[in-house]
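Quick notes on the structure that follows.
The values are calculated or read from the model by the stated rules, or taken from the named source; none is laboratory data. Given the structure is predicted, the values throughout are model-derived calculations rather than measurements. In this analysis, Cβ positions are derived from the backbone assuming ideal geometry, glycine residues included, and neighbour counts consider all displayed protein chains. What goes into the accessible areas is simple: the full protein's heavy atoms, side chains included, and nothing from ligands, DNA or RNA. Shrake-Rupley method; radii C 1.70, N 1.55, O 1.52, S 1.80 Å.
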Amino acid sequence: MNNKTIGIIGVGNVGATLAFTLATNNICSNILLKDIRNNISQAMALDISQAVQGTSSNTKVTACLNNEDFKECDIIVITAGIARKPNMSRDDLLLTNAKIVISVMNEISKNNPNAIIIIISNPLDAMVYTALKSSNYPANKVLGMAGTLDSARMSYFIAEKLGFPNVNIKTSVIGGHGDSMVPLVDFSTIDGKKLNEILSSEDIVDIIDKTKNGGGQIVKLLETGSAYYAPAYSTIGMIEAILNDTKECFACATLLNGEYGHKNIVSGVDVLLGKNGVEKIVELDISNFEKEQFQKSINNVQELVDVLEEKIFNKK
Ligand code: 2OP
């Protein structure tokens, strides 16, 4: 057992699924659950603990009803905030969720000074920016889960297009977690072959479109919320890389420091994850077309950040 503690703020579908998967797979020693609804965090702690009882896991799951008990976390996953409903974009959640993220960062900072923060709340890139701007955590310790989810969706739609054969699909999606995300066709492969060696350009365009709309498709079907199994599971790989200091490469939202020509803006890029969080940003040699797409994605996030600066951080 690694004697690590993972805190989860927001124990809705994503938070509870994440806690359940971490706990029943013995990925950490302790899980602290905190939600604005104390009854939910208590119920989920009990329910998941009773599931753990049936496994060989020793993970302890505790509901924290105050800020003092939510302490000494090695990793904190923030899912707090409202989820979008049909016909809403992730951007529509901006001001409401920014205020929630700021409040959460203020609550956790004092008792979790060494934590690595993984943001899931939307609009993702702007929420990572908000968490950074409203706390003293270093940029390498505040990251967002999105690219791993979007890459998983791209992989699914490639497999669907091929009829779900037994092949090894690798995908990469950079840029913001929204309609302007940039699925990297040239950095995606099927059994080591480039997509365009196996799929027609029409199929590739269709896969890109489905990837961009993957979240919205589930929101439309659910009507009352957004996806949670794939977001939760996409976070697990990031957590394991950090806990085990593997330096594995994941597409995550992080503050850029000159990569692709951009600074002081959050976007999804390939990063190596380890015990320090973002150990290194991996800048890919993307095509001019992909650079243009990435720029559009950066512009979209910048527009949201400008609204945050004006309406929340009052910097104008
Ligand atoms: C998604 O894409 C919730 O943003 C998340 O499903």
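Worth a mention:
- Between region 280-316 and region 195-244, the Cα center-to-center distance that results, in Å: 21
- Accessible surface of Thr246 - all protein chains present, 1.4 Å probe, nearest 10 Å²: 60
- Within straight-line cross-link reach of Lys291, aspartates and glutamates at Cα separation under 19 Å, skipping those fewer than 8 residues along the same chain: Asp125, Asp150, Asp179, Asp186, Asp209, Glu259, Asp270, Glu283, Glu303
- Straight-distance crosslink candidates among aspartates and glutamates, where the alpha carbon sits under 14 Å from Lys85 and sequence neighbours closer than 8 are dropped: Glu223
- Proximal aspartates and glutamates to Lys34, defined as alpha-carbon separation beneath 19 angstrom and excluding residues fewer than eight positions away on the same chain: Asp47, Glu68, Asp69, Glu72, Asp74, Glu107
- Each peptide in 142-148, 82-88, 293-299, 68-74 gets a packing score, the mean of other Cβ atoms within 10 Å over its residues, and the list from highest to lowest is 142-148, 293-299, 68-74, 82-88.
- Accessible surface of the chain [probe 1.4 Å, protein heavy atoms]: carbon and sulfur percent: 48
- Computed over region 1-101, the alpha-carbon pair-distance distribution with 5 angstrom bins reads 2, 14, 23, 23, 16, 10, 7, 4, 1, each value a whole percent.
- Violating pairs (Cα-Cα greater than 30 angstrom) within the set Lys170/Lys311; Lys275/Lys311; Lys60/Lys141; Lys99/Lys220; Lys194/Lys220; Lys110/Lys311: Lys170/Lys311; Lys275/Lys311; Lys194/Lys220
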